[in-house]
Every structure is written in C-alpha cells, then in structure tokens.
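Chemist: Before anything else, here's the structure in question.
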Amino acid sequence: MTFNGTANSEQTIRYLATVIDVISPKTGKVLKIETLVSYAKKIHAGEIEGCKEGEFDWLG
C-alpha cells in the first residue's frame, strides 16, 4: 500500500479505518471514517490552523 498525497488519501484512510480504530484524545471515542476523511480534506485544503500536510505536531 502506498500513499500518494491528496490523490488517494481518502482511499487510504477508508482502508486503514477498517483495520484500526482512531481514538479522539478529547473524548476517548472512536472517530468515524467520515470524520477522518473530513479532517484529511481540511488538512489538504489548509483549513486547519497550525496544520500543514506532513506536520503532525498539532495532534499532541
């Protein structure tokens, strides 16, 4: 499996979310696949302040 930036990030997230759970550090709940895809789209569009593609410091 390879990651090719914006071109297949949604597909990659959807695949990985079928085999792992992503837990919200704030709520402790499993994030839905659509939420993860939405975050990825916002990151690629530069809509999340302090977060650029490839920089993950904002995750804590």
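The values are calculated or read from the model by the stated rules, or taken from the named source; none is laboratory data. Being a predicted model, the structure only gives us computed values, none of them experimental. Note that each Cβ is placed from the backbone with ideal geometry, even for glycine, and that neighbours are counted across all protein chains shown. For accessibility, only protein heavy atoms count, side chains too; no ligands or nucleic acids. Shrake-Rupley method; radii C 1.70, N 1.55, O 1.52, S 1.80 Å.
Chemist: Just to be sure I understand, how many residues within the stretch 9-29 are exposed (fewer than 13 other Cβ atoms within 10 Å of the Cβ) and of a type in the set (A, V, I, L, M)?
Modeler: 3
Chemist: May I pose another question? Filtering the stretch 30-48 down to residues that are over 11 Å from the mean Cα position of the chain (by Cα) and open to solvent by 60 Å² or more (accessible area, probe 1.4 Å), which residue is modelled with the highest pLDDT?
Modeler: Among those that are over 11 Å from the mean Cα position of the chain (by Cα) and open to solvent by 60 Å² or more (accessible area, probe 1.4 Å), it is V30.
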